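Structure, as structure tokens:
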Amino acid sequence: MSYDLVIANGTLVTEDGLLEADVAAEDGQIAAIGRSGSLEGDEVVDADGNHVLPGAIDPHTHHGIYNSLEEDAETESRSDLVGGVTATGNFFRRAGSYEEIMDDYFAAAEDNYRHDYFFSLGLLSFEHVEEIPLIVEELGITTFKWYMNYKYAASEKFGVDCEMRDDFGSAFIEALADQDVPTTLGYHSENVEITNALAGGNPYIETEADDDAPEEGYEVFVEEFPDYAEAQSLVAGASLARQHGYDDDFYAVHVSAGRTADELATLQEAGYDVTGETCPHYLTLTTEECDDRMKVNPPVRGAADQETLWNRLADGTISCIGTDHCANTTEEKIGDTIRESKLGFPSSATMLPLILSEGVNEGRISLERAVEVTSTNTAKAWNLYPKKGTIRVGSDADLVVVDLDETKTVTPELLQSVADYSIYEGRDVTGWPTQTIVGGEVAYEDGEVIAEPGSGTHIDRPV
């Protein structure tokens, strides 16, 4: 028979290892895997000896922060396809009832994403905790986030009647543990009693700029958001989850410090089944290389932290990569001082290329491990597997053909985001997609994004 699409002459990176084979798609799913030259397709993509990976999944984006969700869904999914990302998870937080507001956001997303997507909702109040069963059963959303950084700031920042203390967190986790389907809690590790004291106030509450403040550099944020404040919070949060039998669904987002990664390993050795995520900027940048463009919380740290994170990614302690992607422009991002500069930067499109370039090509991790941390493990952690994250018959035909030897210099024009800058601008990166396939259709090929806005859809969970 002839299939809708065949990717021929490639080396598949599967959960069982490398396989020289063709892969076929029919009706949006992987329909067959066969020896090279054995499958026929109405459309054939010649992988030309390159590797074929399951599409990368970025579970940690913040679409709709600097721009409307409609705008970010359109422009950032376009950029994602350039970097081989075929699904994204959007951490989304709003005050008020999610039951009442999500229909509008679903509509905005559905009309504009060029690949599949899912929401992870930030719970900000006890009202949100009470809505968890409805969110799961009616909205198909099973993943959530607890923002420890907004403890003592939630009331003023979001207008909610809750300061997100541990009583809130305990109720949050207990409600998730009571659900009949798998759920996941993303956890921002930060002891704000420590960070607020070092910052001389709560950095999440807007204050007047001090015109007489001394000039400061990036290192001030490393001092005010120290590694031990992150590490201690991770251990405390994981312990609270374990009291409710929920540590196997506890996911530590954006681990930035070697000390935190080591504590994560200690927890796992003690029987905690906690999942850890780090980000490409912690793996590829150091404090000394950073300026206002790289302002993010937690901050980029030192070379020793970077080395430990790579080691913990290789040994299995850290299971996933996310980017903390925010789409903003230089004008929106950069202030008169580094304190006035905004948090976040665009990075989804460089996630997979950087892991291939700095991880695989530099010998830090294998290609199979790169696929695990950018796709398979992420799909499992966020309740998408086996619909996503693997090359197997019956899974979605989200695939990316990569040339491990192709070197490109990062520019905003290459990445096709709304952002007019990249924190990796000017960097030579080796290992790029030649084609990105979404739902069995070629969505990106040789520099051109083909997929139209609205061709993606929400991933209802459980799958």
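The values are calculated or read from the model by the stated rules, or taken from the named source; none is laboratory data. Bear in mind the structure is a predicted one, so any value in this text is a computation, not a measurement. Positions of Cβ are generated from backbone atoms using ideal geometry, with glycine treated the same way; all protein chains shown enter the neighbour counts.
Is it the case, given these coordinates, that ASP248 is surrounded by fewer than 16 Cβ atoms within 10 Å (Cβ to Cβ), at pLDDT 95 or above, under 24 Å from the mean Cα position of the chain (by Cα) and farther than 30 Å from GLU288 by Cα? For ASP248, the condition - surrounded by fewer than 16 Cβ atoms within 10 Å (Cβ to Cβ), at pLDDT 95 or above, under 24 Å from the mean Cα position of the chain (by Cα) and farther than 30 Å from GLU288 by Cα - is met. Scanning segment 318-327 for residues that are part of a loop (DSSP other than H, G, I, E, B) and surrounded by 24 or more Cβ atoms within 10 Å (Cβ to Cβ) yields ILE318, GLY322, THR323, ASP324, CYS326, ALA327.
So that you can scan it fast, the table gives a plain yes or no per residue for (1) outside the structural domain of PRO346 (by TED's automatic domain parsing); (2) crowded, with 21+ Cβ neighbours inside 10 Å:
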{"position": "GLU15", "(1), (2)": "yes, no"}
{"position": "ASP27", "(1), (2)": "yes, no"}
{"position": "ILE33", "(1), (2)": "yes, no"}
{"position": "GLY37", "(1), (2)": "yes, no"}
{"position": "ALA47", "(1), (2)": "yes, yes"}
{"position": "THR61", "(1), (2)": "no, yes"}
{"position": "THR75", "(1), (2)": "no, yes"}
{"position": "SER79", "(1), (2)": "no, yes"}
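Taking segment 329-344 as the range and being of a type outside the set (D, E, K, R) and either surrounded by 23 or more Cβ atoms within 10 Å (Cβ to Cβ) or in a helix (DSSP H, G or I) (or both) as the test, only THR330 passes.
Over 23 Å from VAL253 (Cβ atoms), modelled with pLDDT of 95 or more, among the charged types (D, E, K, R) and in contact with a His (Cβ under 8 Å, 6 or more places away or on another chain): does that describe GLU70? No. One residue stands out among those in segment 1-11 that are surrounded by 22 or more Cβ atoms within 10 Å (Cβ to Cβ) and within 28 Å of the chain's Cα centre (by Cα): the one that is nearest to ILE30 (Cα to Cα), which is ILE7. Restricting the search to segment 99-113, which residues are of a type outside the set (Gly, Ala, Ser), surrounded by 24 or more Cβ atoms within 10 Å (Cβ to Cβ) and over 17 Å from the mean Cα position of the chain (by Cα)? ASN112, the sole residue that qualifies.
Tell me whether segment 277-286 contains one or more residues that are among the β-branched types (Val, Ile, Thr) and assigned to a helix (DSSP H, G or I). Within segment 277-286 (the criterion being among the β-branched types (Val, Ile, Thr) and assigned to a helix (DSSP H, G or I)), the answer is yes, since at least one residue qualifies.
Confirm whether ASN311 is part of a loop (DSSP other than H, G, I, E, B), of a type in the set (S, T, N, Q) and in the same structural domain as VAL85 (by TED's automatic domain parsing). Spelling it out, it is not the case that ASN311 is part of a loop (DSSP other than H, G, I, E, B), of a type in the set (S, T, N, Q) and in the same structural domain as VAL85 (by TED's automatic domain parsing).
Determine if segment 347-368 includes at least one residue that is touching a Cys at 6+ places or on another chain (Cβ under 8 Å) and in a loop (DSSP other than H, G, I, E, B). Taking every residue of segment 347-368 in turn, at least one turns out to be touching a Cys at 6+ places or on another chain (Cβ under 8 Å) and in a loop (DSSP other than H, G, I, E, B).
Residues that are aromatic (Phe, Trp, Tyr), within 21 Å of ASN377 (Cβ to Cβ) and more than 20 Å from the chain's Cα centre (by Cα): does segment 272-283 have at least one? Checked against the condition, which is being aromatic (Phe, Trp, Tyr), within 21 Å of ASN377 (Cβ to Cβ) and more than 20 Å from the chain's Cα centre (by Cα), segment 272-283 yields at least one hit. For segment 345-378, a tally of residues being more than 16 Å from SER319 (Cα to Cα) and hydroxyl-bearing (Ser, Thr, Tyr) returns 4.
For (1) part of a helix (DSSP H, G or I); (2) assigned by TED's automatic domain parsing to the domain that holds ASP324; (3) at positive phi, each residue gets a yes or a no:
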site: ALA175; (1), (2), (3): yes, yes, no
site: GLU190; (1), (2), (3): no, yes, no
site: ILE194; (1), (2), (3): yes, yes, no
site: ASN202; (1), (2), (3): no, yes, no
site: GLU215; (1), (2), (3): no, yes, no
site: HIS254; (1), (2), (3): no, yes, yes
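Yes/no matrix, rows are residues, columns are (1) free of Cβ contacts under 8 Å to residues at least 24 places away in the same chain; (2) touching a helix residue (DSSP H, G or I) at 6+ places or on another chain (Cβ under 8 Å); (3) among the acidic types (Asp, Glu); (4) not assigned by TED's automatic domain parsing to the domain that holds ASN377:
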| site | (1), (2), (3), (4) |
| --- | --- |
| GLY83 | no, yes, no, no |
| SER97 | no, yes, no, no |
| TYR117 | no, yes, no, no |
| HIS128 | no, yes, no, no |
| ILE132 | no, yes, no, no |
| MET148 | no, yes, no, no |
| ASP161 | no, yes, yes, no |
| ARG165 | yes, no, no, no |
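Taking each residue of segment 450-463 that is outside the structural domain of PRO59 (by TED's automatic domain parsing) and farther than 21 Å from ASP72 by Cβ and looking for partners that are in a loop (DSSP other than H, G, I, E, B) and of a type in the set (Val, Ile, Thr) with beta-carbon atoms closer than 6 Å, six or more apart or interchain, yields ARG461/THR142; PRO462/VAL181. Test ASN67 against the stated conditions and say whether it is over 26 Å from TYR385 (Cβ atoms) and assigned to a strand (DSSP E or B). In short, no.
Does ASP22 satisfy the criteria of being without any contact (Cβ under 8 Å) to a residue 24 or more places away in the chain, touching a strand residue (DSSP E or B) at 6+ places or on another chain (Cβ under 8 Å) and surrounded by 24 or more Cβ atoms within 10 Å (Cβ to Cβ)? So ASP22 fits the description; yes.
Does ILE321 meet the test of being within 17 Å of the chain's Cα centre (by Cα) and under 24 Å from HIS63 (Cβ atoms)?
Yes.
For segment 70-110, a residue qualifies if it is assigned to a strand (DSSP E or B) and within 19 Å of VAL442 (Cα to Cα), and the qualifying residues are VAL85, THR86, ALA87, THR88. For segment 326-373, the set of residues classified as within 25 Å of GLU224 (Cα to Cα) and of a type in the set (S, T, N, Q) consists of ASN328, THR330, THR337, SER341, SER347, listed by residue number.
Surrounded by fewer than 18 Cβ atoms within 10 Å (Cβ to Cβ) and either in contact with a Phe, Trp or Tyr (Cβ under 9 Å, 6 or more places away or on another chain) or assigned to a helix (DSSP H, G or I) (or both): is that true of TYR152 in this structure? Yes; evaluated as a whole, the condition is true for this residue.
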